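Undergrad: Here it is: the structure, laid out below.
The values are calculated or read from the model by the stated rules, or taken from the named source; none is laboratory data. Owing to the predicted nature of the structure, the values given are computational and were not obtained by experimental measurement. FYI the Cβ positions are ideal-geometry reconstructions off the backbone, even for glycines, and counts take in every protein chain you see.
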Ligand code: MOS
């Protein structure tokens, strides 16, 4: 290299580039945007969970001051249904357009919308709409029984076989297995509760529609809205500059969104509709309640011979969302006989949807809990038991893993945690008058890519700009794009302008599935390469340029400078100088890469992230107090682009996992079907006081099958497995097996471990 190589910023702890905007209150979230003439919409929520609207009286509401319109089935105007189509263009979990019929299928379903000058007037008018219902018997029963669905069903994401995976003869091998376990694990409905509420601000300009929405996927939202309002996609613009987290609840459009759009169409003014916290529990998705039977058979030496994972998840009356608990079951361990099967139980509830680590998180809670229980039965160390059953390939798909270091995660974690000092006997470990419980569990999550495009500009002041219609949902996507661009262009991170969250920009991936980072890498790299090759053209064609007589092929670009490849030494010329000499403000390049998620081609490699958690709980039997005291998490998530934000991401997931294991549950009122604890006082999530010091380690093996950096995604993996590690630690401390989350004090009152 002609000049000293500056180390790439990839892999360096980098504070979020958008941090200052957020902590100074300058960052504008979707509902922070205001427009002249803006009106406010407040929906009327059904107060029954099953039945029909027999009368909807808007007379009083319409007369109230400041009210512009009361929308309902008779006057909302045409709204079409949407269909999935190709790619991430038309995904919508609740397909029914608002007010499509007068049937109510869940509590909180929108039945009318008040539009007024102020939020307060709209709320008062919504409250004044009198709705009469013919109620029918509702079903929000907690106990789930699989209904008699066909072997192949249509789900929100397309057709799916209820028999998800099968090899060998699981039932036969189980029947003759020398050691066996047959248990059922239950996870309750959970609600995402991101701090920023869902909401839409919609405005029309002729037949062009613009919406501000806190979306995890602006392009998909554009596709859905274009279909629902009969518009060409080009006429719809969706803007999402910042997202106050989503956890999946903002992946796909919810019904409030077309409602705001229809209202803006009718009143001819911008309309803002922000959900109340209560509404977000009713009609903006939740993690489905699951009931999972796991049967494991093993030899006395601890080799798995059979694994059956049979689960039922609840679904809504309207929609076919499947909580894919079997996501990781078929490949996580080596076992010759396996069967994964699912069923649905219909309930009068708002439709469930993706929530952080959908499927795999409740699924791994069940299968990893079963692994821990069987290890205890075998009197084996649960770490050794897992290592003994490490597969050589993905036995579900019959293909190799692109990169799997699960055993190393377990070994490294055990070392960091001090696992060798474990006394396996229940209640035997004490410290400072407290009983200690130790537990472990493994984690897995898919690694994949969505289609993505980007544009990179090099500018004459030595700065760069990178644009991509991806979203930053609080996870650090602004910073990742700055790092990738800095790596390729040599422009310092602080001089890279990142523009995200707008369908006017090049196609961005959905910020979901932990795939945003992996998806943008090839697009940004290709865009930067194209910008650099245009720069080399300019360098050789600009009169007076130091490279005027050269061919572009003779030149190279590194660390922001152009130089002659053949020169062993010499400083090269900064790109800004070349642009200035050519009187160019900027030079730009575009790049695009195709997604692999949902591709019909059979993949060559099984791509997943792996990890494990080691947990210590403390138990105070005198007051039945259980606390998570220490967590060591090891993640094999490919190359980590920004370890600072990466650790933060995993810590956040572990905090959410403490909530999942010990606190979170959405309760449906059997009388009216309402999610009854629909507020942050009654729906309890883990907060600072619940969270001990967390230790996060990354193995940092690049997965080069996925992209040139080898980065996978880390948004969801940290939540997988943690609940099973906490319940295993709980058992170790208290002697109580809790198989229905969350762990409650009343579960522990039967503990035999005394003070
Ligand atoms: Mo995640 S549930 O894909 O936002």
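Undergrad: Could you figure out which of (1) over 27 Å from residue 661 (Cβ atoms); (2) crowded, with 16+ Cβ neighbours inside 10 Å isn't true of residue 148?
TA: Just one mismatch for residue 148, condition (2).
Undergrad: Go through the stretch 112-127 and report how many residues are crowded, with 22+ Cβ neighbours inside 10 Å and either without any contact (Cβ under 8 Å) to a residue 40 or more places away in the chain or in a strand (DSSP E or B) (or both).
TA: 5
Undergrad: Just give me the residues in the stretch 254-272 being in a helix (DSSP H, G or I) and either in contact (Cβ under 8 Å) with a residue 60 or more places away in the chain or within 16 Å of the ligand (Cβ to nearest atom) (or both), in sequence order.
TA: 256, 258, 259, 260, 261, 262, 263, 264, 265, 266, 267
Undergrad: From 170, 134, 189, 130, grab the single residue that is over 31 Å from the mean Cα position of the chain (by Cα) and either more than 30 Å from residue 113 (Cα to Cα) or surrounded by 16 or more Cβ atoms within 10 Å (Cβ to Cβ) (or both).
TA: So the residue among 170, 134, 189, 130 that is over 31 Å from the mean Cα position of the chain (by Cα) and either more than 30 Å from residue 113 (Cα to Cα) or surrounded by 16 or more Cβ atoms within 10 Å (Cβ to Cβ) (or both) is 170.
Undergrad: So is residue 397 buried (at least 18 other Cβ atoms within 10 Å of the Cβ) and touching a strand residue (DSSP E or B) at 6+ places or on another chain (Cβ under 7 Å) or not?
TA: No, not satisfied.
Undergrad: If you don't mind, another one. Among the residues of the stretch 194-213, write down those that are more than 23 Å from the chain's Cα centre (by Cα) and buried (at least 24 other Cβ atoms within 10 Å of the Cβ).
TA: Hits for the stretch 194-213 are 201, 202.
Undergrad: A further question on this structure: How about the stretch 408-427: which of its residues are outside any helix (DSSP H, G or I) and loosely packed, with under 14 Cβ neighbours inside 10 Å?
TA: Hits for the stretch 408-427 are 418, 423, 425.
Undergrad: Would a scan of the stretch 684-691 turn up a residue that is in contact with a strand residue (DSSP E or B) (Cβ under 8 Å, 6 or more places away or on another chain) and free of Cβ contacts under 8 Å to residues at least 60 places away in the same chain?
TA: For the stretch 684-691, residues in contact with a strand residue (DSSP E or B) (Cβ under 8 Å, 6 or more places away or on another chain) and free of Cβ contacts under 8 Å to residues at least 60 places away in the same chain: absent.
Undergrad: Give the stretch 502-523 a look and list any residue that's more than 15 Å from residue 456 (Cα to Cα) and within 15 Å of the ligand (Cβ to nearest atom), or say none.
TA: 509, 510, 511, 512, 513, 514, 515, 516, 517, 518, 519
Undergrad: While we're here: Take residue 443 and decide whether it is assigned to a strand (DSSP E or B) and within 16 Å of the ligand (Cβ to nearest atom).
TA: yes
Undergrad: Across the stretch 489-501, what is the number of residues that are part of a loop (DSSP other than H, G, I, E, B) and either more than 16 Å from the ligand (Cβ to nearest atom) or within 17 Å of residue 522 (Cα to Cα) (or both)?
TA: 4
Undergrad: Hey, another quick one. What pairs come out if I take residues in the stretch 383-410 that are within 13 Å of residue 332 (Cβ to Cβ) and pair them with residues that are buried (at least 19 other Cβ atoms within 10 Å of the Cβ) and at pLDDT below 95 whose C-beta lies under 7 Å away, six or more apart or interchain?
TA: none
Undergrad: Check every one of the strands (runs of 3 or more DSSP E) wholly within the stretch 568-661 and list those with 1 or more residues that are touching a helix residue (DSSP H, G or I) at 6+ places or on another chain (Cβ under 6 Å) and within 30 Å of residue 533 (Cβ to Cβ).
TA: 586-593
Undergrad: Please specify each residue of the stretch 16-36 satisfying the condition of being buried (at least 20 other Cβ atoms within 10 Å of the Cβ) and not in a helix (DSSP H, G or I).
TA: Residues satisfying the conditions are 16, 17, 18.
Undergrad: Only one residue in 183, 227, 216, 164 is assigned to a strand (DSSP E or B) and either within 16 Å of the ligand (Cβ to nearest atom) or under 27 Å from the mean Cα position of the chain (by Cα) (or both). Which one?
TA: After applying the criteria, what remains is 164.
Undergrad: Still on this structure, I have one more. Do we have any residue at all in the stretch 565-573 that's more than 16 Å from the ligand (Cβ to nearest atom), farther than 19 Å from residue 87 by Cβ and at pLDDT 95 or above?
TA: yes
Undergrad: State whether one or more residues within the stretch 280-289 are surrounded by fewer than 24 Cβ atoms within 10 Å (Cβ to Cβ) and in a helix (DSSP H, G or I).
TA: Looking for residues that are surrounded by fewer than 24 Cβ atoms within 10 Å (Cβ to Cβ) and in a helix (DSSP H, G or I), one finds none in the stretch 280-289, hence no.
Undergrad: Another question, then. Identify, from the list 711, 729, the residue that is within 21 Å of the chain's Cα centre (by Cα) and more than 16 Å from the ligand (Cβ to nearest atom).
TA: Result of the check over 711, 729: 711.
Undergrad: Go through the stretch 37-55 and give me each residue that's assigned to a strand (DSSP E or B) and under 30 Å from the mean Cα position of the chain (by Cα).
TA: Residues satisfying the conditions are 40, 41, 42, 43, 44, 45.
Undergrad: Under the condition of being outside any loop (DSSP other than H, G, I, E, B) and within 26 Å of residue 21 (Cα to Cα), which residue from the stretch 233-248 is farthest from the ligand (Cβ to nearest atom)?
TA: Restricting to residues being outside any loop (DSSP other than H, G, I, E, B) and within 26 Å of residue 21 (Cα to Cα), the top hit is 237.
Undergrad: Which condition from (1) within 16 Å of the ligand (Cβ to nearest atom); (2) touching a strand residue (DSSP E or B) at 6+ places or on another chain (Cβ under 6 Å) is the one that residue 251 breaks?
TA: With (1) within 16 Å of the ligand (Cβ to nearest atom); (2) touching a strand residue (DSSP E or B) at 6+ places or on another chain (Cβ under 6 Å) applied to residue 251, the lone miss is (2).
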